[in-house]
Amino acid sequence: MSAAMPSATRHDGNALGKFLRSRREAIRPESLGLPPNGRRRTPGLRRDEVAELADISVDWYIRLEQGRPVSPSRKTVDAIAAALRLDPVETAHLYALTGIAPLRKAAEDAAPPAVQRMIGRLAQPAYITNRLGDVIYWNEGADRFFGFSEHSGEDRNVYAGMFLRPASRSLFGTGWAAEAKRMLAEFRPVYDVNASDPRFVRLVGRLQAGSADFAKWWDAHDIKAGGAGRKTLYPSQGSPVKYEYVALQVRENPDLKVVIYSEA
């Protein structure tokens, strides 16, 4: 695992063109029932064949390979990925090069079993979130503080918990506003590269409608990199506890983040 940082995508036409060309030239035409390389001027598929397989115009595909300023839709990216027989990793890379954040599938948010076992063995609070902030796994220590098992679906989300549940204000005490602003500022860059994902749009709309503080701070567009820090928690029973926390990316799936607390 590595320190969690918000990922960003950008359109790099030159890299996109080189990647498309490399994947196109790697396909054996005969595997698709097309004439073999011996009767072709270049290896792999021709541009017009990729365009036909993807059901897009040849000119549009050529523009992509040449790195010219075009904005393909998700449907087009998926069609090209299918035409070039890209695997999931290659497809994610294609999305990144086109500047579009891919829609996530439920299966892609599953925490690796080894990471789950590691968290389960920890005495200190720890949990795993996806890019949206949904809590997908947690241990007993985290449940005692945050009550994740008491919620489900869209309610089991760190941002919904922070801004929509009064219990969070009690848990963070006088530090609630500062912690809420920090979380929002870390979420903002993640949202900006996933703004076309309906799940992100729905979450932000819900938070804007349910929290005047979120709506006000959201409009400020503050940005902050995450990773580690300190906070004080005020449990309903017992004395306040100062914690140091760290956020780590899961190597097998960088969209997942492990958050671990330890007493400071």
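Read the figures in this text as sums done on the coordinates, not as results from a lab. As the structure is a computational prediction, the values presented were derived from the model and not from experiment. Ideal geometry is used to build each Cβ from the backbone, glycine not excepted, and the neighbour counts take in all protein chains shown.
Give the cross-link partners of K75 among the lysines, using a straight C-alpha distance below 18 Å as the criterion and excluding same-chain residues fewer than 8 apart. Within the straight-line limit of under 18 Å, K75 reaches these lysines: K105.
Annotation: aspartates and glutamates with alpha-carbon distance below 15 angstrom to K18 (same-chain offsets under eight excluded): E65, E90.
Positive end of the charge dipole of the chain (Lys, Arg +1 and Asp, Glu -1 on Cβ, about the Cα centre): tell me which of P235, L122, T98 has its Cα farthest that way. Selected residue: T98.
Ranking N139, F214, V58 by how far each Cα lies toward the positive end of the dipole of the chain (charges on Cβ) leaves V58 at the top.
Ranking N194, V158, L171 by Cα position along the charge dipole of the range 154-254, where only Lys, Arg, Asp and Glu carry charges on their C-beta atoms, puts L171 farthest toward the positive end.
A simple charge model with +1 on the Cβ of Lys and Arg, -1 on the Cβ of Asp and Glu and nothing else charged puts the dipole of the range 107-263 at about 320 debye relative to its Cα centre. Taking every Cα-Cα distance in the range 175-264 and sorting them into 5 Å bins starting at zero, the pair-distance distribution P(r) comes out as 3, 11, 18, 22, 19, 16, 9, 3, 0 percent.
Our estimate of slack between D219 and R202, defined as 0.36 nm per intervening residue step minus the Cα-Cα distance, is 4.5 nm. Note on K181: lysines with a C-alpha under 20 Å away, same-chain residues under 8 apart excluded, are K216, K224, K231, K242, K257. Here the range 152-176 and the range 113-146 have alpha carbon centers that stand 16 Å from each other. Other residues within the sphere of radius under 15 Å centred on the Cβ of G120, judged by their own Cβ, net out at +1 (K and R +1, D and E -1).
Would you tally the net charge around L233, using a Cβ to Cβ cut-off of less than 13 Å, leaving L233 out, and scoring K and R as +1, D and E as -1? In short, +2.
Once the Cα-Cα distance is subtracted from the 0.36 nm per residue extended length, the S152 to D59 segment shows a gain of 28.7 nm.
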